[in-house]
Every structure is written in structure tokens, then in C-alpha cells.
1. Can you find, among 267, 246, 233, the residue farthest towards the positive end of the dipole of region 191-327? Put +1 on the C-beta of Lys and Arg, -1 on that of Asp and Glu.
2. Measure of size requested: the Rg and Dmax of region 517-642, with Cα atoms as the atom set and Å as the unit; please supply both.
3. Using only C-alpha positions, report the orientation-averaged shadow area of the convex hull of region 738-848, nm², one decimal.
4. I'd like to know how region 458-583 sits against the 2.2 N^0.38 Å rule of thumb: what's its Cα Rg over that expected value?
5. Rounded to the nearest 0.05, what FRET efficiency do residue 578 and residue 221 give with R0 = 51 Å and r taken as the Cβ-Cβ distance? Could you check?
6. Say each of residue 14 and residue 69 gets a label point 7 Å from the Cα, pointing the same way as Cα to Cβ; how far apart are those two points in nm?
7. Determine, from the Cβ-Cβ distance of residue 475 and residue 747 and an R0 of 60 Å, the FRET efficiency 1/(1 + (r/R0)^6), rounded to the nearest 0.05.
8. Have a look at the DSSP beta bridges in region 378-510 and tell me what percent are antiparallel, nearest 5.
Amino acid sequence: MTKFVYGFSEGNKDLRDLLGGKGANLAEMTNIGLPVPPGFTITTEACRAYLDSGHQPAGLAEEIATHLDALEASMGRKLGERGDPLLVSVRSGAAFSMPGMMETVLNVGLNDASVDGLSRQAGGNDRFAWDSYRRLIQMFGKTVCDVPGDEFEHAIEAAKRAKGSDDDLDLDAGDLRDLVDRFKAIFAKHTGREFPQDPKEQLDLAIRAVFESWNADRAVLYRRQERIPADLGTAVNVVAMVFGNLGSDSGTGVAFTRDPASGAQGVYGDYLANAQGEDVVAGIRNTVPLQELERMDRASYDDLMRIMATLEEHYKDLCDIEFTIERGKLWMLQTRVGKRTAAAAFIIAGQLVDEGVIDLDEALHRVTGAQLGQLMFPRFDLSAEPGQLAKGVGASPGAAVGRVVFDAVTAKEKAAAGDDVILVRRETNPDDLPGMIAAQGILTSRGGKTSHAAVVARGMGKTCVCGADTLDVDVRGKKFTVDGRTVAEGDVISIDGTTGKIYLGEVPVQPSEVVRYFEGTLDPGQTDDALVRAVHRVMSHADERRRLAVRANSDTGVDSARARRFGAQGIGLCRTEHMFLGDRRELVERLILAATPDERDAALAELLPLQRADFEEIFREMDGLPVTIRLIDPPLHEFLPSLEELAVHVAVAHERGEDAGRDEKLLAAVRRMHEQNPMLGLRGVRLGLVIPGLFAMQVRAIVEAAVQRARDGGTPKPEIMVPLVGAVQELETVRTEAERIIAEVVADSGVEVLIGTMIEVPRAALTAGQIAEAAQFFSFGTNDLTQMSWGFSRDDVEGAFFWRYLELGIFGISPFESIDRDGVGRLVRIAVDEGRRARPDLKLGVCGEHGGDPDSVHFFHDVGLDYVSCSPFRVPIARLEAGRAAC
Ligand code: PEP
Ligand code: MG
């Protein structure tokens, strides 16, 4: 039969999914001999069974009874017994930390009779006993029976007023006894029943309430924001109460085993004498630095220091803890591996290696690509301590400064006039998109990390703070107010998309030191910047361990040079269409409008030297490394003016009686080429098959550039890639012509040219065995593969409805951001297997956006690709994640 309850001595830290983080670590601490009050944990499995069926699973009540018996035996007291009661706390604890999201009930077991027993236990301390009883009714009422919390608060306020004081401590035993009566009346009024006097009933109801708190609105919202699965459930910890509010020799505190911001070793924490845990959280009284405890209670302080050292040694990491001292005896109430900033994660990993606590492989697992990404954004220089205006959710990282605007039209206008603007809205919708594009940053007062604003901003790599709910945004009045201050259109603000902080005025922005290191302008051997040294060390190890190579997507010499400095081992995707823009647009127009083969050939002949020069530059910057150049991909009409604009031009010219000959020709071409679904139309290899000479010109330019590079003493390694292939015949046709040109141009230059294809149409993945016969390499175009597998238009859906899909949990993250392993990933696996079977030396890579996404990099490692390719800025992230995937 399923075991639903574990005593603390039965669990351990690895049972986190079953016992929740808190329960697993209480068990671990018990097992290594630390002073943990006795107790037991009801599993997340029991919670799930309860939530699924609406009642406790068979056998749970008996198991709880057995463990309660054992707990009573170990304490020598019975739950709620009148003369000498055992009291327990009932606490939630899920596998992922969800701070403050779920429920806790303390002092369970108190009733009209046992309150006197508690007083006797506490040496005749009536005040303490009645205070504990009123806390129970208050917490139980609020969390178990939904009694409005402010009614209790008002009653406390009234009692203090009657006493002429504003301090809880001035209420004496008699006042608290009266308050208990008052609380009971409030409880009865709202629940229609008396406060339960049976301790076992209290326990049973509290356990159910903690189970149910998994589905409380705020917990659901928090999970959605943090992408925690909705179906895990929470464990429930039932723990013997220890009291930090028994007098000046008691107290409660929190501590870190080292500084979570810098990683520095030392004593970090806060202590509050004569108080219970919730007093610290509620901020009722001011805490003192933990060092003070040394003076107040030397023995407990020494114990605590010893325990903290034991915990670090045992967990081999920074831990945070909660403790209580009851009359000079220290008790551990919680520990977990502590949260830390991105910088501290690297520094602490390095320190732990230096201290011999962990090895470098383990250090790699202590940091993430996402943390590295955070460290690469420019940061605000906060040395002048700018005043914080408000705080929201850091939804898309970066540091943005600009003038406040409240609508998309103004954002566009001001940006066009050269102003940096921050678009401020209550929430955004697809109509705001042009303003979001024009703005430096986006700030909203509503919505979390999956709101429209957040999803779109992340997609664009734009700084965004959302859900700053203290802001009262008045779009019509073109202002927002916060804490009595008004910020009007045109005022400058600064927003930090990592921390969610909002500042009034311009905060200076400084480049990231980590980027300077990657750029090569900061030598890790010369700097005393601990972060840079730690990043260097971890990155060097990642490079040593990783099996995946990392290339960059780049189409210019400048980007290629930067990518190489960032550690790219070649180019995985050079999008040649980017070379057809700007001044060259006119040449492309001529190509499209050519009425005869001669006109077309003349246009192609003019494009050829320009393309060749582009490729020469890239081969120079990437000398000795492979460069994958993709033949032109998008539909040609993307290079022509818009249909609407041209039509207006022509109509106006006609109206005025002017000659519109050229525009008319263009308009006719645009009409001719217009497609309802251009993404599924005449693009990629289809263009090459339809427009004679286009691919041939590009192939010639690539190979001539490579031969020139070789003549100049370089080592070019060109790889020609054909886009959007769905059938091997398409590839064979292009390949035959390309091989003819290559043979002619390469001659005896020694240059070797590979020909391969993108796998980005589902049919290509499903017929990869055939396609591999004609391809020396595959590069997965996961952008198009995702678009065509899901049937999602990649240019439209993110702003249009993905927020809703995220809200509904259809996916936890956009499939354009992180690979959909089940669907798109399956196609990749099929293509890898069948491609390699047909051609064992087939080179395999990926060049869609997913190549720089941490989670996707692990997937590509697992399926056995040779390399990932991503934008230059993400190259270090991919290197790190490839290293993590390999060990
Ligand atoms: C892709 O589809 O994944 C790809 C890299 O090509 P593009 O994004 O240029 O369509
Ligand atoms: Mg593509």
C-alpha cells in the first residue's frame, strides 16, 4: 500500500518531490543529528489524491494517527492534553519553493482547557499562553475557515486603543483572554459554528486546509509566473511546536551560511528576541543583526555557528536557515540551498572549488546559461543611490532609460524624432505592438511574467517591467501616479528588467564587465573582479567538457569577428538575403522586373561582385573555421515596396498627370507576386528552381570568394546550404548546378566546398534518409520547423494569442523560444537517426533560435548533433550549457 506519511527520521533530502523541500530537508537535518523538533511529513502524493477526489485517500488517517502516537511518545505529551499539552505546527512545503504562497497554522492543540496547561509548562506564563491561543484562532480562522483576517486585526487594534498603547506587548494576560473571547465570536459569526475544541479535529482541518491552499488563487498565479507545474501538490509538515516567545532567553531568526549577494563568507542573518517566526515576516518589531546574538546568548550563538558549518559541509553549498531558540535551546526549523544572485552563483561556485568542497564539473551545475545571460546585459550604475519609485516584476532583462509615453502612436512619433521612450500602459495588447517596437522599454501596472507585455518584450529582447501594481496609470491624462508622486508624459524614468525596479530620472548605464571579458578587453588574469575570474574559470571548464561545437549566426564581417571573440567555432548560418537590402535593393528590383533573360543576367552580374566581397570579409574573419552560407530564402517581393504604398503613389501620380511608368511596372510586379501565405509560398529552394541564375550567381560568389581567400593565404571552409527543401529532388536539382560551378571555379585552388540543406519543413525531417543521399550536412531550421509543425505563423502569434496559451498552460514557454521536445523534437530525432543511417559522416547542426536557448541546447546534445548555432551574443550561453549537458 502507498505510504503517505514519513517520520523525519525516515526521509532524506533526495525525496524532495515526495516530501516537498521543507520536509525533505527537515528529515535530512534530523538524520545528520541536528536539533530539529520531532515531526512527520504527509506526502505530495497524499495531497494530489486529496485534491483529485475531494477526500483523504484510504489509509491516510490511520498513518497520521500512528505517526502522531510516535510524536506524542517522543515528546512525552499528548496533543492538546489539558494538563501538559503537546502543540504542533502544520506547514505547507512544496517541491519548489513558493514563498508565502501557501498556508501555515501554528499552536494546533490549544483549546479552552489546554491553554492553562500551556501556561503551566511556561512556568506560569499566562500572557504567553493566551497570546498563543489567540494566534491559533486567528490563523486557523483565516486559513482553514476563510474568516476575513482584517476582522481579527481590527479587534487587536481596538484592544490596544482601549489600553492606550500601540504595542502588542502592552496587552496583558487579561487583555489577551478577552481578545480570545472576541476572536471566538468573530469565528462563530463567520463560520456558523464554535471554534473547534477537539485537538484532533483542529489537526485534521488544518491538514486539509494546507492541501487546499495548493489551489489558492495566489499560489496558482505564482506557479504560472514561475513556470512551476500545476499538478505537483504540496506536502504537509506536522512539527512539535517550539516557542521563541517565551521571554528574553527565547527568540527566532533567519540566516545564510554566506552572503547570497556576493558569496563572501561570514555571518549573515537577523534575529528577533522573544518572538515567533511570523513576527519577523510581519515586520512588527525590528530585528537585530545576527552578530548581536553572540552577546545575548553566547551558547546558542556558538551552536548556531557550528550547525551552519555542518550544513555547508553537508550540502556543499550556501544554505539558508530558520531557527528558534526556546529558553536557551536552539532548534532548526528549516534549511534549504539558498537562492542567490546570478553573480553570486558564479562566485560561490568558484569559492567552493577553491575550498575543495566541490569539483569543477559540479561547479558547472551550480550556474546556468540564463544566469550568464543576465550578467551580459548592461546594468544600471547604482553608486549614486538613485531613489526607487516603485517595483514590478522583472519580465525581460536589461536597463532602459527614456521619456515616458502612454500610447503607441506617441511612442512611434517620439522615437522617430530621436527620443528614447519608455511605453507605460496598464497592460498591453496587440495594438500596442508598434509602440513596443519603438520604445527602449515597456512598463505595465498589471500582469505577470506571462502577460502580453512580458511575452512580446522577451521575444523582442526588449527591457520590460510588468505588474508594477502601485502605479496608477492614467492613459487619457497622460500621467501615472505612485505614492503621491505624479510622472507625466515626457518625464524621464529608468527601468531595470532584471530586478523590476523603477527609478525617476536618468540612471547611468554601464556595460557589463562579463561582456568586456568575452570581448577580450578585460583580461581575467589581470583583473581583481571576482565575478570575471569566476566566469572565466567556469567557461574554460565548460569548453573542456562540451561535445557540442558552438557556431554563430552572422551575415557581416563585424558580427563574425565579435562572434569569434565570444568563442564561436564557425558560422552556422549566414542569411544572404540580409545582403540584398539597403543600396542593393534597387539591383534586386531590376532582377525582379527583368523582362528578358539579358536584363536578368545583367542584374545578376551586378550583384555578383557585391556578394563576393561580403563573403570574402566573412571568410577572412572566420579563417580556418567552417562558414555555412545559405542561399536566398525569403520571397522576393519582400524586397519590393509595399502594395498599398505603391498603389497610392501611382494613383496620386495619375491624378496629377505625372509619369508613373517605373512605379507602375513595380506595382504590376508586386501584384503579380502577391501571395496570401508568403511563408508557405515562393521562397527558399523554390525561388532557386524558378528564377534562372539566382542560386548560380550566389554559388559562384561564394566559391570565388573562397578561392580568392585561399590565394591570399587563408583557409576558407565554405558550406553551401539550401533552404526549405522538402524533397530530395529539389536538392538534387540545385546541387547538380552548384557542383558544375564549383568544379569550374575551384579548379586546383585546394578549396573544398560542402553542400547541404536545412531541415525545416516537416516532410524533409520525415524523408531525411532520402535527403541525406544528396546532402553532406543538415542544419535544423527549428524556427520554420516549429512554424510548420504547429501551424503557427511565427511572425504573428506571439503577440496575438500566446499569452492565452501560456495562461492555460498549453505550453509553459513559447515553442519558438524553447524547443518543443515532444513534437518538433521528435521530428529532429527522426531526421538525425535516418540521416545518419543513410550517411554515417553526415554533419548535423541547428541554426534556428533554439540553438541559443539553454534547455534546447541540452536537447540537441542528447540527440547527438555536432553543433548549435546562435546569435553572437548567445554564443557564451550556448558554450556554458553545452558544457553542462556533457557532465
Ligand atoms: C529557421 O527557420 O530556423 C531558420 C534558421 O531560418 P530563418 O529563421 O531564416 O527562416
Ligand atoms: Mg527558415
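What follows draws every value from the coordinates through simple rules; no lab data is involved. From a predicted model like this one, the values you see are computed outputs, not experimental measurements. So basically every Cβ, Gly included, is an ideal-geometry build from the backbone, and we count neighbours across all protein chains shown.
1. Going by the charge dipole, the pick is 233.
2. Computed over the Cα atoms of region 517-642, radius of gyration and Dmax are 20.0, 67 Å.
3. 8.4 nm²
4. 1.53
5. So the FRET efficiency works out to roughly 0.80.
6. The modelled label-to-label distance comes out at 3.1 nm.
7. Working: r = 67 Å, r/R0 = 1.12.
For R0 = 60 Å, the calculated efficiency reads 0.35.
8. Working: 23 of 33 bridges.
Close to 70 percent.
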